[in-house]
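A.B. asks: Pasting a structure here, questions to come.
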Amino acid sequence: MPELPEVESLRRSLVPYIQGKKINSVEVILPKLVSGRGTKRVVNQAMADSFVNNISRKIVTGLTRRAKNIIFTFDDNSVMVVHLKMTGQLVFKPFQAVGKVTLISGGHPIELSTSELPNKHSYIIFYFENGTLFYNDVRQFGYLLHFSSLEEAINDGHFAKLGFEPLDDSFILKNFEVGLKRKTGNLKKVLLDQEIVVGLGNIYADEVCFMAKVRPNRLVKTLSKKEIKSLYEAINKIIPRAIELGGSSIADYLLADGSRGNYAREHKVYGRAGKECLVCGTILTKTVSGGRTTVYCKKCQK
Ligand SMILES: [Zn+2]
């Protein structure tokens, strides 16, 4: 599942190609994806038709993000909220390659060998004036919803209960501290619930705890002021670094030379259970915390 750094990286890589550009038409191959956001969505053909009508011939004036939602704003101030969920993927194919870049892709990892477009998982297709944007989704849990305004999306319950954006100026240590004080349960669970700060999924929650030298299964009420500060600083280092590297699970530019790095190479604990700690050599411990597989160093983390 893409985490915030992957989604932000995708958003940033799409901006130069689609912001200010017109969508000539839209094709909805799987109406379920534009019919709501629950797991038991009823296909709504009327919604699919109005999705097409509302977005065709519109200009994308902005591409923003809230938590893992990508928000397209159009020239009539209406918006489209896109959530990739487990396996959603956005791929833009410009009519003309820009340098070596022939595809801009993010979300679910795409393999070059299967990058034929459209493919059998391409369910929504946006025909831009300068290229084509494909929404692919193997497991079909994602959604793309059109609202007449951002307010309407907010009133519909989108973005409810979401905490601070880690990159925003409002995410200050004090706010993080106050948020943690209100919580019970263990640290991993609290970081994953997104209510204090968004953007930490399973990968980055473990990495943040390691950098801060705090065990993910610690009860939040036992955290010292110093540990809270270390956690805060770790979030502020890891998230921007992961975005800079294009996230962990994707190559957002499919460059022929494969030159772009990615954050997976910098993982210290995630995916390394049973291997040696890169700091002290102790074998890393695997446990379940907050309902998710969790890896930490029992020597470095207290
Ligand atoms: Zn260690």
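Just so it is clear, none of the values below were taken in a lab; they were calculated from the coordinates. None of the values given here were measured: they were computed from a predicted structure. Here Cβ is always computed from backbone atoms with ideal geometry, including for glycine, and neighbour counts include all displayed protein chains.
A.B. asks: I need the shape label for the range 4-155. Rule: rounded when a/c is under 1.5, else prolate if a/b > b/c, else oblate, with a, b, c from the alpha carbon gyration tensor. Display every interim value, and only then the final one.
C.D. replies: On the way: a/c = 1.41, a/b = 1.19, b/c = 1.18.
Since a/c stays below 1.5, the shape of the range 4-155 is classed as rounded.
A.B. asks: Return the FRET efficiency for the residue pair Lys120, Glu195: r is the Cβ-Cβ distance, R0 is 35 Å, and the value is rounded to the nearest 0.05. Mind dumping the intermediate values first?
C.D. replies: Values: r = 38 Å, r/R0 = 1.07.
That gives a FRET efficiency of 0.40.
A.B. asks: Taking the 0 to 90 degree range and rounding to the nearest ten, how far is the long axis of helix 45-55 tilted relative to the main principal axis of the chain, both from C-alpha atoms?
C.D. replies: 90
A.B. asks: Each label point is 7 Å from the Cα along the Cα-to-Cβ direction; what then is the distance between the points at Arg57 and Val43, in nm?
C.D. replies: 2.8
A.B. asks: For Val81, Val7, Val98, what ranking results if the residue with the fewest other Cβ atoms within 10 Å of its Cβ goes first?
C.D. replies: On the way: Val81 21, Val7 26, Val98 11.
Fewest-to-most Cβ neighbours within 10 Å comes out as Val98, Val81, Val7.
A.B. asks: Okay, next question. Taking a ≥ b ≥ c as the square roots of the Cα gyration tensor eigenvalues, with a/c under 1.5 meaning rounded and otherwise prolate when a/b beats b/c, else oblate, which class fits the chain? List each step's numbers first, then the result.
C.D. replies: Values: a/c = 2.15, a/b = 1.61, b/c = 1.34.
Because a/c hits 1.5 or more and a/b exceeds b/c, the chain counts as prolate.
A.B. asks: Within a Cβ distance under 10 Å of Pro118, other residues only, what is the Lys/Arg minus Asp/Glu net charge?
C.D. replies: Numbers: positive: Lys93, Lys120; negative: Glu27, Glu116.
Local charge sum for Pro118: 0.
A.B. asks: Follow-up question, since we're still on this one. Taking the 0 to 90 degree range and rounding to the nearest ten, how far is the long axis of helix 202-212 tilted relative to the main principal axis of the chain, both from C-alpha atoms?
C.D. replies: It is inclined by approximately 40 degrees.
A.B. asks: So, one more: Can you give the alpha-carbon Rg of the range 173-296 over 2.2 N^0.38 Å, where N counts its residues?
C.D. replies: Values: Rg = 15.0 Å, N = 124, 2.2 N^0.38 = 13.7 Å.
Taking the Cα Rg and dividing by 2.2 N^0.38 Å, one obtains 1.09.
A.B. asks: To the nearest 10 degrees, how steep is helix 225-244 against the longest Cα principal axis of the chain, on a 0 to 90 scale?
C.D. replies: Tilt relative to the chain: about 30 degrees.
A.B. asks: Only Cα pairs under 8 Å and at least 6 apart count here; give the relative contact order of the chain as a rounded whole percent. Don't skip to the end; give the middle numbers.
C.D. replies: Working: 622 pairs, mean separation 57.8, N = 302.
In percent, rounded to a whole number, it is 19.
A.B. asks: Would you mind computing, in nm to one decimal, how far apart the modelled labels at Lys226 and Gln19 are, each placed 7 Å from Cα along Cα→Cβ?
C.D. replies: Here the modelled spin labels are 4.3 nm apart.
A.B. asks: Taking R0 as 41 Å, what FRET efficiency do you get between Met86 and Lys299 from their Cβ-Cβ distance, rounded to the nearest 0.05?
C.D. replies: Values: r = 35 Å, r/R0 = 0.84.
That gives a FRET efficiency of 0.75.
A.B. asks: In the range 180-215, which residues have a backbone nitrogen under 11 Å from the label point lying 7 Å from Lys161's Cα in the Cα-to-Cβ direction?
C.D. replies: Inside the label zone: 193-195.
A.B. asks: Determine, for Cys277, Cys209, Cys297, the number of other Cβ atoms within 10 Å of each Cβ, and report the residues in order from fewest to most.
C.D. replies: Details: Cys277 20, Cys209 29, Cys297 23.
Placing the least packed residue first, the sequence is Cys277, Cys297, Cys209.
A.B. asks: Excluding Asn53 itself, what net charge comes from residues whose Cβ is under 14 Å from its Cβ, given Lys and Arg +1 and Asp and Glu -1? Each step should come with its number before you reach the end.
C.D. replies: Numbers: positive: Arg57, Lys58; negative: Glu27, Asp49, Asp76.
Value of the local net charge: -1.
A.B. asks: If the cut-off is a Cα-Cα distance under 21 Å, which lysines reach Lys85, setting aside same-chain residues fewer than 8 apart in sequence?
C.D. replies: Partners within reach: Lys32, Lys40, Lys68, Lys120, Lys161, Lys188, Lys189.
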